[in-house]
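One structure below.
The values are calculated or read from the model by the stated rules, or taken from the named source; none is laboratory data. Fair warning: this is a prediction, and the values are worked out from it, not measured in the lab. Glycine also receives a Cβ, built like all others from the backbone with ideal geometry; neighbour counts cover every protein chain displayed. Heads up: the accessible areas ignore ligands, DNA and RNA and are worked out on the full protein's heavy atoms, side chains in. Shrake-Rupley method; radii C 1.70, N 1.55, O 1.52, S 1.80 Å.
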Amino acid sequence: MIMELHSVLVECNNNNDIYTNSGLQFSQYVLINSNVLTSYLQEHSFNKWFNDIAPGIMHIYPFSSVNEPKLRIVARDADKTSVRSARVVACFICNNILVSSQKYLKDWAVDCDGNQRRETLSLFFILKAASVVQQQTSNDEKKDLNKALNELLIISTSPQFLSIGQEVYIESTPFGNRAFLNSYSQGVVSNIFGEQNSLLLTDCSSTPGSEGSPVYIKTRWKQKFIFAIVISCLNWWKGEWVGLTLAANLVPLLRELIPPCYQNINVLKSNPTFANEELQLLATLTKSVVQIVSGSLWGTGILLNKTKGIFITNSHVIQPHTEVFVYWRTLEIKATVLHRTPDFEPFDLAILKANPRDLEKLDISSSVLSTEAAQRGDQIYAVGYPLFPRNLMVRPSITRGCVSLVQEYVVKTTATVLPGSSGGAIFNDNGKLIAITVSNTKMEDVGVVYPRINLAVPILAILEYLQLFLQTGDTKILSRLHSSDLSVRQQWDFVSGKL
């Protein structure tokens, strides 16, 4: 019989203040991250307590029964809601996530008040109904817990079976409100990264209180294919709101934790593959997108013509008087700037040329330019290299959204667009390039960035010039990529944008 999984609400009463987040119920246990216990831990010498815990080891009954946190598990089955007191039976620090948070998230801030340390993203707790705990010895608890964790490991989907762009969904309790228990949100896997692929980003919407909630692959089958739990809902990169949900992949987490004698060696073979036409399309899209580095700046570029080595990106990605490099996977390719328009003026574009011989043997392909106008409501994918600098060698990210506004010289979408996405691609669901990302939006008076409201250059606005240049090689044609036309500038000046 396959283990049943449920999203539950966990409440912590600390000095009559109630703190909440979601949790993953498996068997008789509930797995949570540290968020709901942050206030309790801060009152009990958290720094010393955290530093005394050896990573990668299960610690049974970490709190004294005299002064342990007061917890409740709130679950809903059909229309019936149950509330049970709970105890912490174990805690552990995931070493893969601890190392990854220090390496990949050093420019990040997490949690709504900015007080949560990045290291606590690696801290997890396992709860159990208090009435059941009293019947168990420490050794018996450890045995039962390892068996349950191993069963969870067996049914969890390994990151090697996941693809960037894969449809996923979250079951959570937004804001920790009982009325919202088992709420649903869906999106795609935006990126997978970290030591042993221990972390992932998804554009599924989530709110405070959703930490600890399970993340599933969306399929046509009734069976739930779990692969991650949410560890942070509100994230900032260098002060800008990210707008993506950070989650921990369960397989690398559990394989680090469970003793080898319990681990099912066939766990990787037990997972199904989730290939479909949409994923095959998305895999193709990432083959035409590269990372561009110019001095201290970086962004994204799109391959227009492999045979001629022509790329397009944003002008503001190119730092004047510095060398420009194109990065494809682990390869560095030097590029020459053929033309760039003034930064942040229509159309903020730069054309680059690499030696075609450097591209010949690479699994990289030219993008297909759309000859049809985008329509409001069309599903789109934004592909780029946001957030992670070149030295981390992270793969391109994908976010999904729709076209929200179409004008002759501007396309606006709801896909999440972030720093580093500049010059990235907006593809339609047929895999054709419809626009080039320029910026998200920012309210200057309050300094708030909105990553899901963003601006892009429609390909149709520059298609004639690009095609003529690719046919003739005449760089003089590229001067037409800059426009001083009043009607163009009016469409570009209506909102402040920055990437």
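List of remarks:
- One residue stands out in region 2-12 among those that are open to solvent by less than 50 Å² (accessible area, probe 1.4 Å) and of a type outside the set (A, V, I, L, M): the one that is farthest from F227 (Cα to Cα), namely C12.
- Top-ranked residue in region 391-409 [being closer than 20 Å to L201 by Cβ and of a type in the set (D, E, K, R); ranked as least open to solvent (accessible area, probe 1.4 Å)]: R400
- Scan region 176-216 for residues that are open to solvent by 10 Å² or more (accessible area, probe 1.4 Å), of a type in the set (F, W, Y) and in contact (Cβ under 8 Å) with a residue 40 or more places away in the chain and the total you get is 0.
- If the condition is being aromatic (F, W, Y), free of Cβ contacts under 8 Å to residues at least 40 places away in the same chain, crowded, with 16+ Cβ neighbours inside 10 Å and closer than 22 Å to K142 by Cα, then region 36-94 contributes only F63.
- Checked against (1) out of contact with any Pro (no Cβ under 9 Å at 6 or more places or on another chain); (2) buried (at least 18 other Cβ atoms within 10 Å of the Cβ), D348 passes all but condition (1).
- The lone criterion from (1) modelled with pLDDT under 85; (2) in contact with a Lys or Arg (Cβ under 7 Å, 6 or more places away or on another chain); (3) open to solvent by 60 Å² or more (accessible area, probe 1.4 Å) left unmet by P260 is number (2).
To keep it simple, each residue is scored yes or no on (1) open to solvent by 30 Å² or more (accessible area, probe 1.4 Å); (2) in a helix (DSSP H, G or I); (3) modelled with pLDDT of 85 or more; (4) closer than 24 Å to L162 by Cβ.
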residue: L246; (1), (2), (3), (4): no, no, yes, yes
residue: P252; (1), (2), (3), (4): no, yes, yes, yes
residue: L282; (1), (2), (3), (4): no, yes, no, yes
residue: T286; (1), (2), (3), (4): no, yes, yes, yes
residue: V290; (1), (2), (3), (4): no, no, yes, yes
residue: V293; (1), (2), (3), (4): no, no, yes, no
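- Output for region 338-377, where each listed residue is out of contact with any helix residue (DSSP H, G or I) (no Cβ under 9 Å at 6 or more places or on another chain) and farther than 16 Å from V290 by Cβ: R357, Q375, R376, G377
- Among the residues making up region 341-394, those that are in a strand (DSSP E or B) and of a type outside the set (A, V, I, L, M) are K353, Q379, Y381, G384.
- Of the strands (runs of 3 or more DSSP E) entirely within region 113-195, those holding at least 3 residues that are at pLDDT 90 or above, touching a strand residue (DSSP E or B) at 6+ places or on another chain (Cβ under 8 Å) and polar (S, T, N, Q) occupy 183-193.
- All of L455, L433 fail the test of being touching a helix residue (DSSP H, G or I) at 6+ places or on another chain (Cβ under 9 Å), part of a strand (DSSP E or B) and modelled with pLDDT under 95, apart from L455.
- Considering (1) on the phi > 0 side of the Ramachandran plot; (2) open to solvent by 10 Å² or more (accessible area, probe 1.4 Å), the lone condition that P320 does not fulfil carries the number (1).
- Neighbours by Cβ (under 9 Å, 6+ apart or cross-chain): first from region 383-401, farther than 22 Å from Y450 by Cβ; second assigned to a loop (DSSP other than H, G, I, E, B) and basic (K, R): M393/R329; R395/R329
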